[in-house]
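Below: one structure, written as structure tokens.
The values are calculated or read from the model by the stated rules, or taken from the named source; none is laboratory data. Quick caveat, the model's predicted, so the values are computed rather than measured. Cβ placement follows ideal geometry from the backbone for every residue including glycine, while neighbour counts extend to all protein chains displayed. Areas reflect the complete protein model, heavy atoms only, side chains present, ligands, DNA and RNA absent. Shrake-Rupley method; radii C 1.70, N 1.55, O 1.52, S 1.80 Å.
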Amino acid sequence: MSQAQIIDGKVTAERLRAEVAEEVAALKAQHGLQPGLAVVLVGEDPASQVYVRSKGEHSKAAGMHSVTHRLPADVSQSDLLTLVRQLNADPAIHGILVQLPLPKGLDEKAVIETIDPAKDVDGLHVVNAGRLAQGLPSLVPCTPLGCMIMLRETLGDLSGKRAVVVGRSVLVGKPVAQLLLAADCTVTIAHSRTQDLAAVCREADILVAAVGRPQMIKADWIKPGATVIDVGINRVPFRDPVKAAEGKTKLVGDVAYKEVSAVAGAITPVPGGVGLMTVACLLKNTVTAAKRIAGLEP
Ligand SMILES: Nc1nc(=O)c2c([nH]1)NC[C@@H]1CN(c3ccc(C(=O)N[C@@H](CCC(=O)O)C(=O)O)cc3)C=[N+]21
């Protein structure tokens, strides 16, 4: 049986981070500009803490200015907005990321709409979503950007290919569909209400899974040779009852990796795939934001 090519997020993210580090060094040397990233973490969600630490470490390793603001879970909406406004006004900061989800009681939308769109390195502000939809320069959400880099590296030109995106979230599904469309793919956005989802998926030369359901996408949903990008990050209990009893969890994607690997032409693993690209793309977006704010790039 043939085995899919593994699209290695570790290798691709490392290369992207090295490119970012080079660009940061050049901006410092030629323009005295050091891109700065501020990450805001509210509360103590353990997964969020891991991601936020990784963002801080990688941005420092790339030579960027990096600050992390940790706020208690019971912070008031107005104190959180005050911090965002301070960061908007801080000339040393070019990228602002408020880690989601926010604890109950805080208005995520209001927080995101308070971020200066020029510093919205998550690409979640309506101005950036609208600019992306209209094909204007924008800050593009990090996970979709990472998907596109992996696809281009695997397939080269994407023009004319059939792409199916499973999932319609603001964070991933919608923006990745926009990017695929901009790359001249024929794009279908499928979701939990789609009739005969398996048949829709089987049409795909490119399948992007972003539904948040562990291992939902099976081998017989895949066109032989298709490229499969698995965005899912699901923590599930171990099947081994001893480990499960210890409360240990493992990370799986939205794709049944093992069986799908026998049909697909190329596939991203979880962990070790798209998630690593998400952090690398955050660094890239911060450099892009810094250059635009400094007037070095349109
Ligand atoms: N404002 C905001 N922007 C985000 O981009 C954002 C967010 N909030 N909230 C949570 C999600 C999730 N996310 C991931 C980042 C890195 C990995 C990652 O590095 N994953 C590794 C390891 C994961 C692990 O072992 O826990 C991997 O897949 O190999 C995964 C998921 C960013 N998100």
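A few notes on this one:
- Picking from residues in region 254-284 that are part of a helix (DSSP H, G or I) and open to solvent by 10 Å² or more (accessible area, probe 1.4 Å), the one that is farthest from the ligand (Cβ to nearest atom) is GLU259.
- Residue in region 222-235 that is free of Cβ contacts under 8 Å to residues at least 60 places away in the same chain and surrounded by fewer than 16 Cβ atoms within 10 Å (Cβ to Cβ) present: yes
- Scope region 49-83; condition closer than 17 Å to ILE112 by Cα, in a helix (DSSP H, G or I) and of a type in the set (Gly, Ala, Ser); matching residues: SER78
- Residue count for region 196-212, restricted to those that are in contact with an Asp or Glu (Cβ under 6 Å, 6 or more places away or on another chain) and either open to solvent by 40 Å² or more (accessible area, probe 1.4 Å) or farther than 13 Å from VAL228 by Cβ (or both): 1.
- Residue tally, condition surrounded by 15 or more Cβ atoms within 10 Å (Cβ to Cβ), more than 23 Å from ASP107 (Cβ to Cβ), of a type in the set (D, E, K, R) and within 16 Å of the ligand (Cβ to nearest atom), over region 15-54: 1
- Some residue of region 233-253 being part of a helix (DSSP H, G or I), at pLDDT 95 or above and away from the ligand (no atom under 15 Å from the Cβ): no
- Any hit, region 99-118, residues being at positive phi, part of a loop (DSSP other than H, G, I, E, B), within 12 Å of the ligand (Cβ to nearest atom) and not acidic (Asp, Glu): no
- Any hit, region 241-253, residues being open to solvent by 70 Å² or more (accessible area, probe 1.4 Å), in contact (Cβ under 8 Å) with a residue 24 or more places away in the chain and over 23 Å from HIS58 (Cβ atoms): no
- Within region 82-98, the set of residues being more than 16 Å from the ligand (Cβ to nearest atom) and either of a type in the set (Gly, Ala, Ser) or modelled with pLDDT under 95 (or both) comprises ALA89, ALA92.
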